[in-house]
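Only one structure is covered here, and it is reproduced in the block below.
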Amino acid sequence: MTLQVDTHFMSALSSIKVDLLLLHAPAVFDFRERGDLWFPFLSTAGDVPITPLYEYFPMGFRSLRSSLREAGHEVRILNLATLLLRYPFLDLDPLLDRLETPLIGMDLHWMVHVQGVLELARRIRRRKPECRILLGGISATWYAEELVRRPEIDFVLRGYDTHEPLRLLMEVLQAGRRPDEVPNLLWKTGEGQVLDNGMSHKPAAWGRAMDWSEMPAAPPGDGLPFREVLSIQNTGCAYDCHWCGGSRSAFRRIHGEGGSVVYKSAAETRRELESLKRMRGGEHALCYAISAYNESPEGLREQARALGSAGPAAVNFEQFHLTPEPTLKAMAAANPRTCITLSPESHDREVARRAGRGVYSMEEMEAWITRALDLGIHQVDIWFFIGMPGQDEASVAGTLAYCGQLLQRFEGRRVLPYICPMQPFLDPASTFFMAPSAHGYRLFARTAEEHRRLMLRASLPNRMNYETHWLSRLDIVRLGLECVSGLAQMKRAAGLFPGSLLRRLQGRIADTLEFLPVVHEADSLPDPAERKAALASLERGILQRNREIFFGGVANQAFPLAREVGGRWFDELLWPVSELEAMRLQEEDSANSF
Ligand code: B12
Ligand code: SF4
């Protein structure tokens, strides 16, 4: 499936002239053309509504845009992952030709984007050699020294808050000066010498307000019942889940000594929550307070009150401990549809403890759920994980069975368990990543380059960067799918799922489970020529399945109904929808005339 577009179509797109383009890459750049790379159903672990291109960009993209605009710069965002999903006939080079910018900044926040980011940087360098390329985000910070040495990268701006350093960098570049004075910057001179300006910019107050009143235009056909928004009022973490690249220890490894949680200032938090009231369609907003677990009880009650007055349709608070009653009451009072998300990781407390959780037993959790629901909490979501130390197949089966018990005990009430495999990566910089064998892990990649290569393996298990002493890579992927299927069956029995949805979900999972060992076996052949031939024989099957994954709508475990891609807060298309739709019509006309 090669999607070459005749470049005269592109004349329908206007030229875009900016001082900085913030660009979000698809996780794998050439996803449309590759018959040798399979993206299985639910391969993103199924926790958030995305395709395997991982379309979310860091929230900081939007606050960087607004703060740099305030400083007088023209800054725009392009989510290339979404653009190519909605308009798959577009080609990169003609798109780049419509862009006039001296600087392109890409997020390598999530490691899973490593292939997409580097491939895109390489292609931009080839097509627009005059344009400087900058990386930022958590993974870019961790791998900065390796990344800046690559010929396609000019700058890496490290840190959890880059608003001020980026403003300085733009000022310096516009004045034609060397960026020696920009803190947190790693950069290359014209002669290719790498210079490190040090990482001194670690502000005590993190981030700027997100402006929710500004949302990307929703393309036609987008019938989303809810608009997801996020309320993240801190970064880093007070806790230490050992698999997590944002944990207390990992945050310090990445950013150096200092505190491990950094909070937004009260003024910026207020400004952000106020903007929710001005959001178009805000009454349909589903607001996730993701790092709410790092707030003090007073902070959390304050956040609940503020969210309540902003009036979204529903609010979801993520909690590490079992929330105490006074806070539960404030949360329930904030919104009639307040949901709490817990992540015990495993029903087996020993497995949970080894992962850095296990702070309550399942009996304590169940008693708490009863109280929480009685106090007016609308829903409790409970996430379990696959890929933890000491967790074997029997232990995962035990977790699935426990989910069944939970569903039975709370039948008719909104208590929803989920099981999610940790794939494809164990987070770089996490405690398990740093000392794998001590915790029963084996790593298949450590450097950014090794991760980039992994992302190009045909089989999802071979794309994973770890296995455990108890579960192989293939086991982790297979068990994840089996658990989602088993859980769906249980939810159907509890009246939470329509039968038609269950049949469709289970049909797709059954097909994926059947194809999984076939692709894995072919991709694991040791002889490269034999591997290539074996994969070539599977190309049609791979392309056909990938097409459904990318162009059949986006789904996740919580909302397994496929929805059209677009209209989400991060679906920034850069060009006006009217121009893109006009191009679609031209393209369809041209296809019909053949
Ligand atoms: C909130 C959160 C989310 C939110 C998304 C939030 C968002 N869009 O920003 C949701 C729930 C959707 C999410 C999803 C995922 N997440 Co997450 N997430 C977090 C969490 C809890 C906080 C992140 C945070 O504080 N960000 C705020 C700050 C740091 O970033 P920011 O303000 O947005 O951006 C600033 C800087 O990062 C930097 N910057 C970022 N990009 C760029 C680019 C340029 C050019 C420049 C100059 C600067 C720059 O400057 C910005 C402004 O100051 C962390 C854990 C933790 N405690 O850190 C995990 C974490 C980041 N997530 C992680 C993972 C693995 C995922 C998923 C891949 C999980 C999955 N499903 O498989 C998905 C990916 C989704 C996608 N891309 O489509 C890992 C990443 C590990 C790694 N190194 O790869 C982390 C560390 C821990 C974890 N396992 O949850 N996540
Ligand atoms: S997974 Fe654990 S350590 Fe990581 S952000 Fe969440 S609570 Fe913190």
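The values are calculated or read from the model by the stated rules, or taken from the named source; none is laboratory data. Quick caveat: nothing in here was measured; it's all calculated off a predicted structure. Please note: Cβ atoms are built from the backbone with ideal geometry, for glycine as well, and neighbour counts cover all protein chains shown. Only protein heavy atoms, including side chains, enter the accessible area calculation; ligands, DNA and RNA are left aside. Shrake-Rupley method; radii C 1.70, N 1.55, O 1.52, S 1.80 Å.
General remarks:
- Members of segment 105-131 that are touching a strand residue (DSSP E or B) at 6+ places or on another chain (Cβ under 7 Å), outside any helix (DSSP H, G or I) and under 26 Å from ALA445 (Cβ atoms): GLY105, MET106, ASP107, LEU108
- Residue tally, condition buried (at least 17 other Cβ atoms within 10 Å of the Cβ), among the aliphatic types (A, V, I, L, M) and under 25 Å from LEU479 (Cβ atoms), over segment 366-397: 5
- In segment 413-432, the residues that are away from ligand 1 (no atom under 11 Å from the Cβ) reach residues that are charged (D, E, K, R) with C-beta atoms within less than 6 angstrom, at least six apart or across chains, in these pairs: LEU416/ASP381.
- The residues in segment 106-139 that are away from ligand 1 (no atom under 13 Å from the Cβ) and open to solvent by 10 Å² or more (accessible area, probe 1.4 Å) can be counted, and the count is 9.
Residues are listed down the side, and each one gets a yes or a no for (1) more than 14 Å from ligand 1 (Cβ to nearest atom); (2) modelled with pLDDT of 85 or more; (3) in contact with a helix residue (DSSP H, G or I) (Cβ under 7 Å, 6 or more places away or on another chain); (4) more than 23 Å from GLU272 (Cβ to Cβ):
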| position | (1), (2), (3), (4) |
| --- | --- |
| ALA217 | yes, no, yes, no |
| GLY221 | yes, no, no, yes |
| PHE226 | yes, no, yes, no |
| CYS237 | no, yes, yes, no |
| ASP240 | no, yes, yes, yes |
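- Segment 416-442 - residue that is among the aliphatic types (A, V, I, L, M) and closer than 16 Å to ASP47 by Cα and, of those, farthest from the chain's Cα centre (by Cα): LEU416
- Residue within segment 309-317 that is of a type in the set (Phe, Trp, Tyr), out of contact with any helix residue (DSSP H, G or I) (no Cβ under 6 Å at 6 or more places or on another chain) and within 16 Å of ligand 2 (Cβ to nearest atom) present: no
- Among the numbered conditions (1) of a type outside the set (Gly, Ala, Ser); (2) open to solvent by less than 50 Å² (accessible area, probe 1.4 Å); (3) in contact (Cβ under 8 Å) with a residue 24 or more places away in the chain, the only one that LEU443 does not meet is (3).
- Contact map, segment 44-71: residues that are over 30 Å from ILE476 (Cα atoms) paired with residues that are among the hydroxyl-bearing types (Ser, Thr, Tyr), Cβ distance under 9 Å, separation 6+ or inter-chain. Pairs shown: GLY60/TYR160; GLY60/THR162; LEU64/THR162.
- Of residues in segment 492-546 being open to solvent by 60 Å² or more (accessible area, probe 1.4 Å) and hydroxyl-bearing (Ser, Thr, Tyr), the one farthest from the chain's Cα centre (by Cα): SER537
The rows are residues; the columns are (1) more than 24 Å from the chain's Cα centre (by Cα); (2) more than 24 Å from SER247 (Cβ to Cβ).
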{"residue": "ALA266", "(1), (2)": "yes, yes"}
{"residue": "LEU276", "(1), (2)": "no, yes"}
{"residue": "HIS284", "(1), (2)": "no, yes"}
{"residue": "CYS287", "(1), (2)": "no, yes"}
{"residue": "SER291", "(1), (2)": "no, no"}
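- Just one of the numbered conditions (1) touching a Cys at 6+ places or on another chain (Cβ under 8 Å); (2) closer than 23 Å to PHE559 by Cα is not true of SER346: (1).
- Selected residue [under 20 Å from ILE104 (Cα atoms) and either within 15 Å of ligand 1 (Cβ to nearest atom) or surrounded by fewer than 13 Cβ atoms within 10 Å (Cβ to Cβ) (or both)] from PRO183, PRO203: PRO183
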